[in-house]
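Here's the structure we're looking at; comments come further down.
The values are calculated or read from the model by the stated rules, or taken from the named source; none is laboratory data. Source: prediction; values computed, not measured. In this analysis, Cβ positions are derived from the backbone assuming ideal geometry, glycine residues included, and neighbour counts consider all displayed protein chains. Keep in mind that these areas ignore ligands, DNA and RNA; they rest on the heavy atoms of the full protein, side chains included. Shrake-Rupley method; radii C 1.70, N 1.55, O 1.52, S 1.80 Å.
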Amino acid sequence: MIVALTVVTAETAVVGVLYHLSAPNPPGAAIYMLGVLAITILWGDRFGFLTALISTVAFNYFYVPPAGLHLTSLHDAVRLLLFTIAVMVGGALAGLARGNAEEARRRALEAETIARLTQLFLDNDLEQGLREASRCLEEQFGLRSAALVVAGPDQSGPAPGDIAIGIGDRAEPDALLLVPGDTPPDDCRRIRAWVGEPLAAMVSAALERDRLINSLRGSRARTEAVLAEQTALRRVATLVAMGGSPDRVFAAVTAELHRLFTDCRTALVRYEPNGEVFVASERDERGTLMPARRNQPISRYSIVGNVERLKRTVQVDYDTLPGPVAAEVRQLGVHRGIGVPVFVDGRLWGALLVLSSRVDPIPAGAQSRLQAFNELVATAIAVADNRAALAASRSRLVSAADDARRRIERDLHDGAQQRIISLALQLRLATDTVTSLAEAQRLLSNAVQGLTEIHQSLSDLARGIHPVLLAQGGLGPTIRMLARRSVVPCELDLDISRRLPEPVEVAIYYVVAEALTNIAKHSGASLACISVIADDRCVRVRVSDDGAGSADPARGTGLVGLRDRLEALGGGLSVASPPGGGTTLHAELPLVRPGMVSVPDDPRDRMATRGEGSGSRV
């Protein structure tokens, strides 16, 4: 009211000034009209109508003759109508302007809110971004509390009394905004209308980014694990290639396992023939190398027992296992364990063990990592064993050669050498003392006899090194000769249609000779069977008996030497000797090798060999 009076007073003063200046047509009504429009736009229609009425009264009172207040003329009604129309038009324009301004402000606020939410999701991970976005929505919409959560089957849903506002227009929204139950429905609709779709797009993008980040982290972790595994394998392979001893290789294996499985106990065990295990290398949780342990019992419930029985990877929960071994392991703080069998040359050699002190299950990737590591470990063990076996074989061959040289030297010294010295003394004595032809003939006759004995002695010595019959008649007659000399009756099954390479024939000769010697000495057998079958690629030898069995090839040097000889030619030797089931020796030698030349065939040898046929008994 005061503002309207003030404006009308000011307008009246301005019109008065214009009349005082004697303007021909002072714009009095127009000036009052401007005031009405200004009041209407700024303060609304009510104040506009009031200002129009006061302006009409003032204009009529001061500037419409005759002077005084008279509102009965048509001109006064027209002026009032014009002022009223101006109020209505001004009010409509003002309302439209205010609406547009409010819409612009709302959109600006909405854009600012969306920009702020976008920045929050960009600057934080998914979980932190949801928390920061919830606080932003609380401040923006004046909510008592708000929680923005990802929608999904794992979401427990709103608490009792809360309202869940679905974010987005899809039937299954990506996110839910949880607000107090007393939030007005209009506010809920306003939130959906303002930030629903943009916020749904932000949450969807944040979820996709989170999945990508997790995928990249998983890929990086897997890559780092593979690199660590490959580095570990390379270190072990380098140690093996440099000729490291088995003990060093075993210690390196457990060290690399401890690097791959931190805070876990690692061990490499070897199964012994007596049903026990040898802990070849073991490290505690800190990676400290423990002393090797022998003669450890095998519990059927332990990892070692399960791996031996099942011959596959085994995981064990020691918290649920009975037995003293499991109790001892629990006292060490171990709760979980995994064991991977180590196969060397097709047989179960031992096991790789990883024991965890955590209650949580062993990670699923541990088995595949151990399996991949196990392949090189098996190769390393095989190479180390073969290297050790090769060194032992070389040592045995050197010792055997030295023994053979000493024996030949002793035989020559005790036999032929002494006789040659005696014969030389006799001849020297004859040159000094012979006086008659008869005495000279007697001395020469003794010398000839001595030379004959020396020749026979040297022939016997040479025959012990390499049988004459083998060089002259071949493998068939030689094996038949061995069978005839055997104290145990023998059955022969020979299929040799040609002469074989000389190293092969010599190796087979010694295999059969050693087998028959062992049968005669140890088996108590009543019958021995000898089978030698040769084809274009290899020759197979089988010598069996019906004796007591239980033969141990590792306790004798004869079969060990034969195995060395056969492996040097690319072949192999195996022995099966169950208790009470006799002993069977299998040997196989290849006939196709570089530098191997067969002895030329002699038709008489071939006929003789075939004539000895299969199934003959000697």
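Before moving on, here are some points about what is shown:
- Evaluated over the Cα positions of region 239-380, the convex hull gives a direction-averaged projected area, one quarter of its surface, of 8.1 nm².
- Residue-normalised accessible area of region 295-394, given per residue in Å² at a 1.4 Å probe: 50 Å²
- MET481 accessible area, assembled protein chains, probe 1.4 Å, Å²: 20 Å²
- Cα-based convex hull volume of region 266-327 per residue, rounded to whole Å³: 98 Å³
- Solvent exposure, largest accessible area first (probe 1.4 Å, DNA, RNA and ligands not counted), of GLU502, GLU272, GLU229: GLU502, GLU272, GLU229
- Where N is the number of residues in region 196-323, Cα Rg divided by 2.2 N^0.38 Å: 1.56
- In the full protein context, region 246-292 carries 44 Å² of accessible surface per residue, based on a 1.4 Å probe and ignoring ligands, DNA and RNA.
- Pairwise FRET efficiency - ASP495 versus ARG211, Cβ, R0 = 56 Å, nearest 0.05: 0.20
- With DNA, RNA and ligands ignored, accessible area of VAL150 (1.4 Å probe; Å², nearest 10): 40 Å²
- Positive dipole terminus of region 171-324, leading residue within ALA237, LEU227, SER302 (C-beta point charges): ALA237
- The order of TRP349, TRP43 by accessible area, most exposed first and with a 1.4 Å probe, is TRP43, TRP349.
- Cα gyration tensor category, rounded, prolate or oblate, for region 307-368 with a/c compared to 1.5: oblate
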